[in-house]
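Asks: Here's a structure for you.
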Amino acid sequence: MKVILQKDINGLGDAGEVKEVKDGYARNFLLPRKLVLPAHTGSARALEHQQRLLSLKAERRKKAMQELAGKMQSVQEVEVGVMVGAKQKLFGSVTPLMVSKALEEKGYSIDKRKIDLPDSIRALGSYKARIKLAEGITVPLTVNVVALNEVEEEEEYKTPAERAAEAAAQEAAENPEAAAEAAEAETSEESKED
């Protein structure tokens, strides 16, 4: 069955296109949800109207993206903070989502799929990226990757029991009255058991 797509459908096509689909798929899924119109001679006018609407929508979108690109010229670089380990090695890599969040902090809501990063960013430093706003509209961006934390080269490993003893000692030092009450309660419980 030939149908005219009313909306963009993943795996099938964009709105306004004429596609050949299986009869059951069209009758049971696409038509009840008003995602398509049957393509026959009477719907040719509807197809033309749909295509006109799509071209107007595309023009408006392109104009809005050009305005956004003009505003974004002031944002030439963005800083992304990442966790690093020993020898300044990143845990993972910098993703477009991280860059999108950094841009959002500057007041620009950009979809992560529009951010084009170099292959993979796995070290601290500056990297060149692009934001693809629309067909033919790109904005250059410098991504500065900086460390959020400073981890010492060799941290002494402590067992959970050692960490618990340290925490108890620290708590006793901060609040000696509570530590004395806890010790008294512990000794009274031991005497009851005997």
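The values are calculated or read from the model by the stated rules, or taken from the named source; none is laboratory data. None of these values were measured; they are calculated from a predicted model. Counting neighbours? That spans all protein chains shown, and the Cβs are built from the backbone with ideal geometry, glycine included.
For every residue, the table says whether it meets (1) at pLDDT below 90; (2) more than 23 Å from the chain's Cα centre (by Cα).
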residue	(1), (2)
Gln76	yes, no
Gly92	yes, no
Pro118	yes, no
Pro140	no, no
Leu148	yes, no
Ala167	yes, yes
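Asks: Return a yes/no flag: does segment 9-29 have any residue that is of a type in the set (Ser, Thr, Tyr), in a helix (DSSP H, G or I) and modelled with pLDDT of 85 or more.
Replies: Residues of segment 9-29 that are of a type in the set (Ser, Thr, Tyr), as a first pass: 25.
Subset that is in a helix (DSSP H, G or I): 25.
Keeping just the survivors that are modelled with pLDDT of 85 or more gives 25.
Yes, there is a match, as at least one residue in segment 9-29 is of a type in the set (Ser, Thr, Tyr), in a helix (DSSP H, G or I) and modelled with pLDDT of 85 or more.
Asks: Another question, if that's okay. Conditions first: (1) exposed (fewer than 15 other Cβ atoms within 10 Å of the Cβ); (2) small (Gly, Ala, Ser); (3) more than 28 Å from the chain's Cα centre (by Cα). Ala26 passes all but one, so which condition is the exception?
Replies: Condition (1) is where Ala26 drops out.
Asks: Could you give every pair whose Cβ atoms fall below 9 Å, whose first residue belongs to segment 60-77 and is closer than 21 Å to Val143 by Cβ, and whose second residue is polar (S, T, N, Q), counting only separations of at least 6 or pairs across chains?
Replies: Every condition considered, the pairs that remain are Ala69/Thr138; Gln76/Thr142; Glu77/Ser126; Glu77/Thr142; Glu77/Asn144.
Asks: Could you tell me whether segment 68-77 includes any residue that is on the phi > 0 side of the Ramachandran plot and exposed (fewer than 11 other Cβ atoms within 10 Å of the Cβ)?
Replies: no
Asks: Out of the residues in segment 30-45 meeting the condition of being loosely packed, with under 14 Cβ neighbours inside 10 Å and either of a type in the set (A, V, I, L, M) or part of a helix (DSSP H, G or I) (or both), tell me which one is modelled with the lowest pLDDT.
Replies: In this case the residue turns out to be Thr41.
Asks: Could you tell me which numbered condition Leu133 fails, if it satisfies all but one of (1) surrounded by fewer than 16 Cβ atoms within 10 Å (Cβ to Cβ); (2) hydrophobic (A, V, I, L, M, F, W, C); (3) modelled with pLDDT under 90?
Replies: (1)
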